[in-house]
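Participant: One structure coming up, written as structure tokens, with questions to follow.
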Amino acid sequence: MAECGASGGGSSGDSLDKSITLPPDGIFRNLENAKRFAIGGSLTKLAYYSTVQHKVAKVRSFDHSGTDTEQDHESPYEVSVQEEVSARLHFVKFENAYMEACLDFIRDHLVNTETKVIPATGGGAYKFKDLIEQKLQLRVDKEDVMTCLIKGCNFVLKNIPHEAFVCQKDSDPEFRFQTNHPNIFPYLLVNIGSGVSIVKVETEDKFEWVGGSSIGGGTFWGLGALLTKTKKFDELLHLASRGQHANVDMLVQDIYGGAYQTLGLSGNLIASSFGKSATADREFSQEDMAKSLLHMISNDIGQLACLYARLHRLDRVYFGGFFIRGHPVTMRTITYSINFFSKGEVQALFLRHEGYLGAIGAFLKGAEQDNPNQYSWGENYAGSSGLMSSSPELGPTQRARSGTFDLLEMDRLERPLVNLPLLLDPSSYVPDTVDLTDDALARKYWLTCFEEALDGVVKRAVASQPGSADAAERAEKFRQKYWDKLQTLRHQPFAYGTLTVRSLLDTREHCLNEFNFPDPYSKVKQRDNGVALKSFPRVVRALDALGWADRQLALAQGLLAGNVFDWGAKAVSEVLECDPQFGFEEAKRKLEGRPWLVDCYDKWLQRLQGTPHKCALIFADNSGVDVILGVFPFVRELLSRGTEVILACNSGPALNDVTYSESLIVAERIAAMDPIIQSALREERLLLTQTGSSSPCLDLSRLDKGLAVLVRERGTDLVVIEGMGRAVHTNYYAALRCECLKLAVIKNSWLAERLGGRLFSVIFKYEVPAE
């Protein structure tokens, strides 16, 4: 099923171009399953909801009845690839000139549509009403513009972690993304269309228009057309980007010969917009006049927004509308104005997807019977354009060529996502350790690293589906898609928010899924789990034979040695491919000796001599040796001490990380061999759950709601985060309200050097919250 919506503001001056016949390939994806639409705007925005068929890797325990016994199999379970259906939101933004061709394309490809109504908002509800009804034979229902904008804004702020950003002039890059506050309300929304509307948003459904101005985007456009004879909005901004406003504006220094110290006004502050034009005898350039006009409008809007923010005691102000449209020169001037008038107390925030807000809101209004707000949604990087550089310096012709179509796709997640209740301060939590947007050296290294790893990923993807005739062809398409994403991120690292190792890994997983490679490491995990299970009794017997203190050290070393088995790390995968006999004991010998790079083991040992923890939450990492010979013996020891354990594994596959479904089978096999694990599972002192994630990293602000409930109910007082992706690339600096163990082996020489260590250096970080 699919539902659709669209929106927009005023006209951009584009007329329908009947010579345009078809939109480019891949724009209206999965259109055959679309059900409902909405359209309109300065740039047309189309929204539709569809069901997407994709392949998933399923694991199933072998049937042990009759002759089908465990001895018949090297592996503990079988793997099959099945078809599943999931929900996806598609948002497409394109120039009005493409409207008729796009409507023809939609009409010709609609197969399963059931709706008879298109919710529409903004200028599109009026401008294209007759054309839409004629082409699609569907009725257009006009939705309230402001309601749709606010619904759309709430949706992106709740579901896209790096949605909001600030604009910092002279920074490289100049966009700095903000981590979304867990409570997005209240905020001020300043929508700059033809005029300016200022709305205070207090809850999901409660908002109030508090003010506005007739001096907005239409004023800039209209006066600009009169001053420069330029009729195109983008061309005006292009002129402004090359202008010098001081040639037209009267500055404070033009009146006082410098700064006005008594009032604290700097000399380069604008005292009078266009002030020099009244007395000068010369002609002014179009560029200078456009720049002066842009400053005049932006400063007025900025001061007005600042006054309303202070009046209502709000420090978060989001700007949107066709006046913004991602233009850096516009965002810079508004940011300067807000900073100046608020003395830095109010922040001007912009949105990656501000152009989609009305379309998203129209969709939500039209789909209320399906209650889309009860779900969590995640951006599909494989099908989304990302925030493109729309700098007017490119020139309007280049902008038209490169930005004719813009895409956003959101996948509905199986379960709602929430914060880990144990975060010390959810509003300041940042999952990622290094911001590659900000760190140019690290960015260059990791982008190159992912490029160089691409051949290996393609090879692994093909090998995972030996019976598929088109696996090689699909793998090549994956290669090209992911390569293109990496090149985009080289030039525009802010495209999908803050660039991090996590976002690079997640983008790769999204691209693999796009071409039906749901779990390239499924066979590897199947084999590794089978081999490790055979060694489990021997490892446990050896541990039980040790004295208490020696056993605690051996358990810690076992956790660390298990973490070596990470197929996502080049240094490890090369060893594992060249030496199939490389095992648990060999991994122990790879570890650096104590003292480790980060060594809090003595502090941890001292804590273990005290009262047992009530409940431990453990985030597991890799399949095979890691979870079976490293994590489960550690779990067994905690259970023996009287500590309950919640073992959290990925909901979906990523690299060779253990998934929740795999962990259930592994735990069942271990329970058959070990009475401690068996009784703990039976008595629910050991609980297996899913994280809600399909990433090699860990975002503690987006975890499965069921996991969060368990953490509260069981009184969790210890969190164990294991692995380089979860404990180093993410959460290295995460602060919790309970004790926390962060364990990892550094399997990347560049990262090890950055941290002051070497390959296979150890992180054993034990943290206790301040009283």
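The values are calculated or read from the model by the stated rules, or taken from the named source; none is laboratory data. Computed from a predicted model, the values in this text were never measured in an experiment. Every residue, glycine among them, receives a Cβ derived from its backbone with ideal geometry; neighbour counts consider all protein chains shown. When the accessible area is computed, the model is the full protein with side chains, heavy atoms only, and any ligands, DNA or RNA have been set aside. Shrake-Rupley method; radii C 1.70, N 1.55, O 1.52, S 1.80 Å.
Participant: For residue 211, which sequence-distant residues (separation of 5 or more, or a different chain) have an amide H within less than 5 Å of its own amide H, given hydrogens modelled in the peptide plane?
Facilitator: 198
Participant: Here is a follow-up. P(r) of the stretch 149-276 in 5 Å steps, Cα pairs, percent per bin?
Facilitator: 2, 8, 11, 12, 15, 17, 15, 11, 6, 2, 0
Participant: Going by average Cβ density within 10 Å per residue, which order do the peptides 335-345, 75-85, 356-366 take, highest to lowest?
Facilitator: Ranked from most to least packed, the peptides come out as 356-366, 335-345, 75-85.
Participant: Quick one: pull the percent of accessible area on the stretch 145-195 belonging to carbon and sulfur, 1.4 Å probe, ligands and nucleic acids left out.
Facilitator: After summing per-atom areas, the C and S share lands at 48 percent.
Participant: A further question on this structure: Using 1/(1 + (r/R0)^6) with R0 = 30 angstrom and r between the beta carbons of residue 260 and residue 171, what's the FRET efficiency to the nearest 0.05?
Facilitator: 0.55
Participant: Here is a follow-up. Using the Karplus curve 6.51 cos²θ - 1.76 cosθ + 1.60 with θ = phi - 60°, what ³J(HN,Hα) values do you get for each residue of the stretch 312-319, in whole Hz, with x for Gly and Pro?
Facilitator: Each residue of the stretch 312-319 in turn: 9, 6, 10, 10, 10, 10, 9, 10 Hz.
Participant: Work out the count of Lys pairs in the stretch 542-767 where the Cα-Cα distance is under 12 Å, with the pair 8 or more places apart or on different chains.
Facilitator: Count of close lysine pairs: 4.
Participant: How much accessible area per residue does the chain have, counting only protein heavy atoms and a probe of 1.4 Å, in square angstrom?
Facilitator: It amounts to 41 Å² per residue over the chain.
Participant: Tell me which residues come under 5 Å, amide H to amide H, from residue 185 once H is placed; ignore anything under 5 positions away on its chain.
Facilitator: Correct list: empty.
Participant: Here's another thing I want to ask about it. Kindly state, as a whole number, the per residue volume in cubic angstrom of the convex hull around the alpha carbon atoms of the chain.
Facilitator: Looking at the chain, the number lands at 182 Å³ per residue.
Participant: Leaving out ligands, DNA and RNA, what percent of the accessible area of the stretch 542-767 is carbon and sulfur, probe 1.4 Å?
Facilitator: 50
Participant: Express the C-alpha Rg of the stretch 301-373 as a ratio against the empirical globular expectation 2.2 N^0.38 Å, rounded to two decimals.
Facilitator: 1.33
Participant: Two decimals is fine: what's Rg over Rh for the stretch 542-767, C-alpha atoms, Kirkwood radius as Rh?
Facilitator: 0.93
Participant: Mind ranking 724-730, 189-195, 270-276 by how tightly packed they are, going by the mean number of other C-beta atoms within 10 angstrom, highest first?
Facilitator: The densest-packed peptide leads the list: 724-730, 189-195, 270-276.
Participant: Semi-axes of the stretch 229-356's equivalent ellipsoid from the Cα gyration tensor, sqrt of 5 times each eigenvalue, largest first, rounded to whole Å?
Facilitator: Values for the stretch 229-356, descending: 26, 22, 9 Å.
Participant: Please give the charge dipole size of the stretch 542-767, origin at the Cα centre, charges +1 on K and R Cβ atoms and -1 on D and E Cβ atoms. Round to the nearest 20 debye.
Facilitator: Dipole of the stretch 542-767, to the nearest 20 debye: 560 debye.
Participant: When each pair of different Cα atoms in the stretch 644-693 is counted once in the 1/r mean, what is the Kirkwood radius in angstroms, to one decimal?
Facilitator: Across the stretch 644-693, the inverse of the average 1/r is 11.2 Å.
Participant: Report Rg/Rh for the stretch 429-475, rounded to two decimals, where Rg is the Cα radius of gyration and Rh the Kirkwood radius.
Facilitator: For the stretch 429-475, the value is 1.23.
Participant: Evaluate the charge dipole of the chain about its Cα centre and quote only its size in Debye, nearest 20, assuming +1 on the Cβ of each Lys and Arg and -1 on the Cβ of each Asp and Glu.
Facilitator: Here the chain has a charge dipole of around 880 debye.
Participant: Sticking with this one: How are the C-alpha pair distances of the stretch 438-514 spread across 5 Å bins, as whole percents from the shortest bin up?
Facilitator: 3, 15, 28, 23, 14, 9, 5, 2, 1
Participant: What is the packing order of peptides 216-223, 374-381, 560-567, taking the mean over residues of other C-beta atoms within 10 Å and listing the highest first?
Facilitator: Most protected by this proxy first, the peptides run 560-567, 216-223, 374-381.
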